Amino acid sequence: MNLEIISPEKSLYQGEVKLVQLPGSDGSFEILKDHAPLISALAKGQVKVVSIEGALNYFDINGGVIEVQKNKIIILAEA
């Protein structure tokens, strides 16, 4: 899956990932390969990203929006 995390100031992350865990407005949720199309609001919290190589990255956000479509994930984050 291709992930792009963008804040108003800069691009925070771009690359291929295995898993993304997000703070949803109704609780935490994960995105894996071949996830159904989705648009959702994000709450303040931490985004966990697991790269193809297995490296863990964490990003603190103050909310935002996620769009998932055809194994492409775009997160517009308030960082």
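The values are calculated or read from the model by the stated rules, or taken from the named source; none is laboratory data. No experiment lies behind these values; they were computed from the predicted model shown. Cβ placement follows ideal geometry from the backbone for every residue including glycine, while neighbour counts extend to all protein chains displayed.
How many residues does the range 15-48 hold that are under 12 Å from Ala77 (Cα atoms), under 10 Å from the mean Cα position of the chain (by Cα) and of a type in the set (A, V, I, L, M)?
Summing the residues that are under 12 Å from Ala77 (Cα atoms), under 10 Å from the mean Cα position of the chain (by Cα) and of a type in the set (A, V, I, L, M) in the range 15-48 gives 3.
Can you tell me which residue within the range 58-78, out of those that are over 9 Å from the mean Cα position of the chain (by Cα) and charged (D, E, K, R), is nearest to Ser11 (Cα to Cα)?
That would be Glu78.
Ala55 versus (1) modelled with pLDDT of 95 or more; (2) of a type in the set (A, V, I, L, M); (3) under 13 Å from the mean Cα position of the chain (by Cα): which is the lone unmet condition?
Of everything listed in (1) modelled with pLDDT of 95 or more; (2) of a type in the set (A, V, I, L, M); (3) under 13 Å from the mean Cα position of the chain (by Cα), Ala55 misses just condition (3).
If you take the residues of the range 15-30 that are of a type in the set (Asp, Glu) and in a strand (DSSP E or B), which of them is nearest to Asn71 (Cα to Cα)?
For the range 15-30, the residue satisfying everything is Glu16.
Against the condition in contact (Cβ under 8 Å) with a residue 60 or more places away in the chain and of a type in the set (D, E, K, R), how does Glu9 come out, does it pass?
For Glu9, the condition - in contact (Cβ under 8 Å) with a residue 60 or more places away in the chain and of a type in the set (D, E, K, R) - is met.
Would you be able to say whether some residue in the range 42-55 is in a strand (DSSP E or B) and loosely packed, with under 12 Cβ neighbours inside 10 Å?
For the range 42-55, residues in a strand (DSSP E or B) and loosely packed, with under 12 Cβ neighbours inside 10 Å: absent.
Does Lys33 meet the test of being basic (Lys, Arg), assigned to a loop (DSSP other than H, G, I, E, B) and at pLDDT 95 or above?
In short, yes.
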